[in-house]
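The values are calculated or read from the model by the stated rules, or taken from the named source; none is laboratory data. These numbers were taken from a predicted model, which means no experiment stands behind them. Don't worry about glycine lacking a Cβ; one is built from the backbone with ideal geometry, like all the others, and counts go over all protein chains shown.
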Amino acid sequence: MSTPIPEDKLAQIKEELFHGRKIQAIKLYREMTGLGLAEAKDAVERMELQIRGSTPVELPQLTPRVGTPISDQMLAQINEELCQGRKIMAIKLYREATGFGLAKAKTDVERMEAQLRTASPEKFAAIATGKGCFAVVAVVCLALGLVACRVFA
């Protein structure tokens with residue numbers, strides 16, 4: 001079952017398009033539907049064609065998938081990705097599970113990560129980030145090189 005877009009919201013989007021503010025219209029559409037940028041852009045462009053007098057096109061309906069609860073199995077998988085330091089994969093899984101756009105998914109996953117770090121910090125302590133290793137190796141090599149220059153000079 002799908003939910004139609006309220007007429008007052010639809011009028012706001014059409015008003016933005018009428019005044020040539022397509023980006024604002026897409027932004028409004030995304031806020032109303034929770035869809036990603038590409039889907040919202042396609043829908044708004046179909047609306048624009050309808051307004052400009054081209055072939056009338058029916059507007060897409062909201063799908064119930066957007067904002068649906070995440071299964072326990074998917075939530076466990078997202079948490080595992082976060083604990084392993086793979087936030088991008090966690091965001092991707094969250095988007096697939098909910099249908100939310102990138103910005104909302106990123107915000108939600110970062111909130112989940114913060115809660116998980118507070119509740120189970122030990123899960124994150126064992127992960128080495130690898131940052132700074134190159135600098136340490138470079139400094140050691142430089143020091144060895146200077147020592148070798150003095151010894152062989």
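Going by the structure shown, is Q77 polar (S, T, N, Q), modelled with pLDDT of 85 or more and surrounded by 15 or more Cβ atoms within 10 Å (Cβ to Cβ)? Quick ask: steps written out before the conclusion?
Working: polar (S, T, N, Q): yes; modelled with pLDDT of 85 or more: yes; surrounded by 15 or more Cβ atoms within 10 Å (Cβ to Cβ): yes.
Against the criterion (polar (S, T, N, Q), modelled with pLDDT of 85 or more and surrounded by 15 or more Cβ atoms within 10 Å (Cβ to Cβ)), Q77 qualifies.
So, in the range 83-102, how many residues would count as being in a loop (DSSP other than H, G, I, E, B), modelled with pLDDT of 90 or more and within 11 Å of the chain's Cα centre (by Cα)?
Residues flagged as in a loop (DSSP other than H, G, I, E, B), modelled with pLDDT of 90 or more and within 11 Å of the chain's Cα centre (by Cα) within the range 83-102 amount to 0.
List every residue pair whose Cβ atoms sit under 7 Å apart, with the two residues 6 or more apart in sequence or on different chains, where the first one lies in the range 31-44 and is on the phi > 0 side of the Ramachandran plot and the second, anywhere, is of a type in the set (F, W, Y) and crowded, with 18+ Cβ neighbours inside 10 Å.
Listed pairs, sorted by first residue: G34/F100.
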